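The values are calculated or read from the model by the stated rules, or taken from the named source; none is laboratory data. Keep in mind the model is a prediction, meaning the values are calculated, not measured. No Cβ is skipped: glycine too gets one built from the backbone with ideal geometry, and neighbour counts run over all protein chains shown.
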Amino acid sequence: MPDDDFLVRATTHSAATWWFRHVASKLDPVLFKLTNGRVFSMGMPTMPMATLTMQGRKTGRRRSIHLAAIEHDGHFHVVASAWGQQAHPAWRYNLEANPAVEVQLPGKRFRAIAELLNAAEKAAIWPGVCETIPQMRVYERRTQREFSVFRLRPAV
């Protein structure tokens, strides 16, 4: 799917980015949990989605975030893109401080450990990330920062 595709342009527009940051980021984890992954604020998911629940690094309170989740080599991965904003998303710092998370995927929940990919691991999966989430190319153009990618390894 090329960057100029209507869906990519629509979902990366400044109004859509505002919606995702200020409304959907609060609403989607709740909707996703209530519907067992079948619905979020934009309707039915068109790509693999997950809700991650983690401990806040400053408050210690549980925080949930709704993200695209890319499957690779039997594990799910999430990207700290923040829609291409200049600052890293807060959830990235929460995972670095406490990598134990709860993951909800459609019809499936599990506990996991979030592992930050090194540069070589990220390079190996990045083409697949951009194929699954074509908006990522637009996000890359918006900022000079590197996006962290986390592997969600099921906890044993």
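The table that follows gives values for the structure above.
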read-out	value
In the range 127-156, residue nearest to Glu115 (Cα to Cα) [restricted to those that are surrounded by 14 or more Cβ atoms within 10 Å (Cβ to Cβ) and among the charged types (D, E, K, R)]	Arg151
Val129, sole failed condition from (1) more than 14 Å from Glu71 (Cβ to Cβ); (2) in a helix (DSSP H, G or I); (3) under 13 Å from the mean Cα position of the chain (by Cα)	(1)
The range 93-119: number of residues that are charged (D, E, K, R), surrounded by 13 or more Cβ atoms within 10 Å (Cβ to Cβ) and part of a strand (DSSP E or B)	4
Residue count, the range 116-143 (criterion: modelled with pLDDT of 95 or more and out of contact with any helix residue (DSSP H, G or I) (no Cβ under 9 Å at 6 or more places or on another chain))	8
Residue pairs meeting the criteria (Cβ under 6 Å; at least 6 apart or on separate chains; first in contact (Cβ under 8 Å) with a residue 40 or more places away in the chain, in the range 111-136; second assigned to a helix (DSSP H, G or I) and of a type outside the set (A, V, I, L, M))	Gln135/Thr11; Gln135/Thr12; Met136/Cys130
Residue in the range 30-43 that is crowded, with 19+ Cβ neighbours inside 10 Å, outside any helix (DSSP H, G or I), at negative phi and modelled with pLDDT under 85 present	yes
Close pairs from the range 10-29: first over 23 Å from Arg63 (Cβ atoms), partner among the hydroxyl-bearing types (Ser, Thr, Tyr) and modelled with pLDDT of 70 or more, Cβ under 9 Å, at least 6 apart	Thr12/Tyr139
Selection count where residues are of a type outside the set (A, V, I, L, M), out of contact with any Asp or Glu (no Cβ under 9 Å at 6 or more places or on another chain) and at pLDDT 95 or above, scope the range 77-87	0
Residue that is farthest from Leu117 (Cα to Cα), among those in the range 44-74 that are over 12 Å from the mean Cα position of the chain (by Cα) and modelled with pLDDT under 70	Met44
The range 61-89, residues that are hydrophobic (A, V, I, L, M, F, W, C) and either in contact with a Leu (Cβ under 9 Å, 6 or more places away or on another chain) or exposed (fewer than 15 other Cβ atoms within 10 Å of the Cβ) (or both)	Ile65, Leu67, Ala69, Phe76, Val78, Val79, Ala80, Ala87
